[in-house]
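Below is one structure, written out as structure tokens; comments come after it.
The values are calculated or read from the model by the stated rules, or taken from the named source; none is laboratory data. Keep in mind that what you see is a predicted model, and the values were worked out from it rather than measured. Cβ coordinates were reconstructed from backbone atoms using ideal geometry, including for glycine residues, and neighbour counts include every protein chain displayed. In case anyone asks, the SASA skips ligands and DNA or RNA and just uses the protein heavy atoms, side chains included. Shrake-Rupley method; radii C 1.70, N 1.55, O 1.52, S 1.80 Å.
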Amino acid sequence: MLKLIHLEWKKYHITKYIRNAGILIFILILFNFAMAFWGIANDPETGIPDIAFDTMGISTNIEFCTNTAFLIFSSAMHAVFIISAYKDKTMELMFSYPIHRKKILVSKMLAVWIFSFIALMTAKLFCYSTIGFGFQFYHYSAFPIDMDLTAPLFYLGLTLKSAAVICISFIALFFGIIMKSSKAAIISSFLLVILMQGNIGSVSFRDNLMMPVILTIVSLIFALICILRAAKNDI
Amino acid sequence: MNYVLETRHLTKIIDGKEIVSNLNMHVKKGEIYGFLGPNGAGKTSTMKMITNLWTPTSGSIQLFGEESLQTSYHLSKRMGSMIEFPVFYKELSGEDNLKLHCEYMGYYSPNCVEEALELLNLTHASKQKVKNYSLGMKQRLGIARAILSKPELLILDEPSNGLDPAGMKQIRDLLKMFCHEYGISILISSHLLTEVETLADTIGILHHGRMQNEIALRDIADHQMIYIKLISPNTTHASYVLTEKLHITNFKIMDNGEIRIYEKSVSLEEISNTLSAQGVCIQELKKKSDTLEDYFLKVTREEQKKEEYVC
């Protein structure tokens with residue numbers, strides 16, 4: 001399986017994605033740093049952030065930005081690694097090899113998942129670290145510093161949340177495969193972001209702990225359906 | 001009989017339409033099998049079922065004496081194929097595409113990639129990205145990939161597409177060489193009948209998803225394919241002489257006035273002398289043999305007529 005994953009990265013020039021993820025991480029760090037210390041989110045008249053200051057710590061900001069960015073990023077990768085492979089018929093070539101179809105699809109999904117997970121974890125760690133580092137100098141942040149970089153639970157939470165977010169991109173993949181469209185996958189990822197961060201009346205999905213759990217379970221079911229469809233259906 | 005590939009009552013139905021119907025085909029070890037049929041006859045569909053890309057609705061496929069099932073992935077290792085048009089990772093070079101193929105096939109042989117590229121005259125373009133290849137180059141790279149792992153059965157769907165006449169001849173020679181020197185069995189579909197005629201040992205004619213005829217090319221001669229062509233301004237008189245004086249009944253008058261004599265026991269000289277003696281003017285008299293094209297058209301037209309009759 002590791003060899004298959006490695007071949008997927010080789011075929012799609014993973015260095016290109018490393019570069020793009022690097023740029024994205026840099027922008028996210030800069031954006032969060034600027035919001036926390038340079039006041040780019042502050043109202044010019046009041047001098048405080050335009051957004052719900054009393055309910056949002058810096059971690060909410062970082063989580064929202066990084067999760068959104070990498071959910072879309074991983075959906076775009078799924079579009080290239082899997083949906084485009086169906087469209088340009090390279091999947092037909094893959095299925096002519098002496099390898100189980102399920103294994104081929106799992107390797108493609110894992111190639112995207114592993115890369116996106118590492119990239120998201122890196123993004124989060126760098127964002128939190130630079131904010132923590134910046135606070136040593138500025139001694140003030142526009143958003144409350146609500147993270148404890150020394151607590152092991154913080155890292156456990158970070159890992160679980162990152163894993164869940166990247167899993168959710170399988171829902172976007174599912175819609176992309178069903179509709180045979182890369183655009184459908186990417187648009188689905190935007191809709192998922194809205195679903196994860198939105199409100200219905202006074203109920204906020206962002207604060208709802210069950211929402212990511214439900215979405216992760218649904219995404220794993222959808223991933224399984226994608227694999228079973230590939231194994232069974234004509235290509 | 002030692003068949004490398006055998007299909008038994010192979011049928012594929014898509015959306016209620018029978019694409020391939022009750023197909024029985026037999027490819028012997030070490031032969032080139034020409035798969036003929038008009039567009040939409042079901043050639044590619046059959047090849048997709050053989051290469052396990054499609055699952056048959058009913059019937060079975062025997063490969064190397066073993067029944068091919070959806071999970072018979074190990075059989076793919078013994079086959080090389082190029083179905084419809086060759087697809088590649090366009091951002092990779094030709095050489096990298098072939099190396100990747102070796103990795104997936106689990107085939108490791110030193111210099112095999114270089115040798116395959118050289119055989120197909122692609123050494124000069126080996127480092128070029130495939131997106132910059134011409135159609136003919138892609139076709140040759142597709143064949144290079146199909147033969148790379150020295151398969152026992154090579155399945156090629158219209159391999160001459162996009163090739164110039166010199167390229168086509170080169171591919172024909174290569175395929176003959178693979179067959180004769182390496183004992184590779186080849187199943188090749190083509191709409192170029194002259195190409196198949198010079199290449200194949202056996203042909204299978206598919207029409208509307210049904211196998212019309214499966215015959216060794218050398219046996220076609222025995223199916224009234226060799227005849228004497230006679231052109232005379234007085235067809236009626238000529239046919240009278242043939243029947244009454246030469247006692248030939250096995251002949252046919254074509255729409256253009258040409259008489260085709262299928263009787264094998266009578267010689268050209270005998271016909272010429274008799275017709276001259278009876279005062280029949282001869283404009284043309286020569287021995288001819290039907291091309292594969294004639295045979296193909298005859299078989300498919302007969303089927304067409306049968307279908308029209310049933311309707």
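Take the conditions surrounded by 15 or more Cβ atoms within 10 Å (Cβ to Cβ), away from chain A (no Cβ under 12 Å) and modelled with pLDDT under 90 and apply them to B:Leu154. Does it pass?
The answer is no for B:Leu154.
Take A:Gly157 and tell me if it is of a type outside the set (S, T, N, Q) and either under 26 Å from A:Leu224 (Cβ atoms) or open to solvent by 10 Å² or more (accessible area, probe 1.4 Å) (or both).
So A:Gly157 passes the test.
So if I check each of B:Leu100, B:Leu75, B:Leu53, B:Leu69, which one is over 28 Å from the mean Cα position of the chain (by Cα), of a type in the set (A, V, I, L, M, F, W, C) and either under 17 Å from B:Glu158 (Cβ atoms) or within 14 Å of chain A (Cβ to nearest Cβ) (or both)?
Within the list B:Leu100, B:Leu75, B:Leu53, B:Leu69, the selection yields B:Leu100.
Does region A:93-117 hold any residues that are assigned to a helix (DSSP H, G or I), crowded, with 18+ Cβ neighbours inside 10 Å and not aromatic (Phe, Trp, Tyr), and which are they?
Once the filter is applied, which keeps residues that are assigned to a helix (DSSP H, G or I), crowded, with 18+ Cβ neighbours inside 10 Å and not aromatic (Phe, Trp, Tyr), region A:93-117 yields A:Leu93, A:Met94, A:Arg101, A:Ile104, A:Leu105, A:Val106, A:Ser107, A:Lys108, A:Met109, A:Ala111, A:Val112, A:Ser116.
Which of the numbered conditions does B:Val280 fail, given that it passes all the others? Conditions: (1) within 38 Å of the chain's Cα centre (by Cα); (2) under 14 Å from B:Ile231 (Cβ atoms).
The number of the failed condition is (1).
Among residues belonging to region B:14-50 that are of a type in the set (Val, Ile, Thr) and either farther than 10 Å from B:Gly209 by Cα or not in a strand (DSSP E or B) (or both), point out the one that is nearest to the other protein chains (Cβ to nearest Cβ).
The selected residue is B:Ile14.
Do we have any residue at all in region B:81-94 that's under 21 Å from B:Ser185 (Cβ atoms), polar (S, T, N, Q), within 13 Å of chain A (Cβ to nearest Cβ) and surrounded by 15 or more Cβ atoms within 10 Å (Cβ to Cβ)?
yes
Working carefully through the options A:Leu149, A:Leu120, A:Leu173, find the one that is within 23 Å of A:Gly22 (Cβ to Cβ) and open to solvent by less than 20 Å² (accessible area, probe 1.4 Å).
Selected residue: A:Leu120, the only one of A:Leu149, A:Leu120, A:Leu173 that is within 23 Å of A:Gly22 (Cβ to Cβ) and open to solvent by less than 20 Å² (accessible area, probe 1.4 Å).
Just the residues that are on the phi < 0 side of the Ramachandran plot and either free of Cβ contacts under 8 Å to residues at least 24 places away in the same chain or open to solvent by 40 Å² or more (accessible area, probe 1.4 Å) (or both), please, taken from region B:199-210.
Scanning region B:199-210 gives B:Asp201, B:Arg210.
In this structure, does B:Ser239 turn out to be surrounded by 14 or more Cβ atoms within 10 Å (Cβ to Cβ), at pLDDT 85 or above and either closer than 30 Å to B:Pro56 by Cα or out of contact with any helix residue (DSSP H, G or I) (no Cβ under 8 Å at 6 or more places or on another chain) (or both)?
In short, yes.
State whether the residues of region A:49-67 include one that is in a helix (DSSP H, G or I) and either within 14 Å of chain B (Cβ to nearest Cβ) or at pLDDT 90 or above (or both).
yes
Residue by residue through region B:211-269, note down the ones that are part of a helix (DSSP H, G or I), under 15 Å from B:Leu285 (Cβ atoms) and among the aliphatic types (A, V, I, L, M).
Across region B:211-269, the qualifying residues are B:Ala238, B:Val241, B:Leu242, B:Leu268.
Please go through region B:264-293 and give me each residue that is closer than 26 Å to B:Leu217 by Cα, surrounded by fewer than 16 Cβ atoms within 10 Å (Cβ to Cβ) and of a type outside the set (Val, Ile, Thr), ordered by number.
B:Lys264, B:Ser265, B:Ser267, B:Leu268, B:Lys286, B:Lys287, B:Lys288, B:Ser289, B:Glu293
Give the number of residues within region B:179-199 that are touching a strand residue (DSSP E or B) at 6+ places or on another chain (Cβ under 7 Å) and either of a type in the set (Phe, Trp, Tyr) or modelled with pLDDT of 85 or more (or both).
7
Just checking, does region B:165-185 include any residue being surrounded by fewer than 19 Cβ atoms within 10 Å (Cβ to Cβ) and among the polar types (S, T, N, Q)?
For region B:165-185, residues surrounded by fewer than 19 Cβ atoms within 10 Å (Cβ to Cβ) and among the polar types (S, T, N, Q): present.
Among the residues of region A:11-31, which ones are without any contact (Cβ under 8 Å) to a residue 60 or more places away in the chain, more than 23 Å from A:Ser129 (Cα to Cα) and either away from chain B (no Cβ under 14 Å) or buried (at least 17 other Cβ atoms within 10 Å of the Cβ) (or both)?
Scanning region A:11-31 gives a single hit, A:Lys11.
Are there any pairs, at least 6 apart or on different chains, whose C-beta atoms fall under 9 Å, with the first in region B:90-119 and within 10 Å of B:Leu148 (Cβ to Cβ) and the second acidic (Asp, Glu), and if so, which?
Between residues of region B:90-119 that are within 10 Å of B:Leu148 (Cβ to Cβ) and residues that are acidic (Asp, Glu), the close pairs are B:Ser109/B:Glu115; B:Val113/B:Glu95; B:Leu117/B:Glu95.
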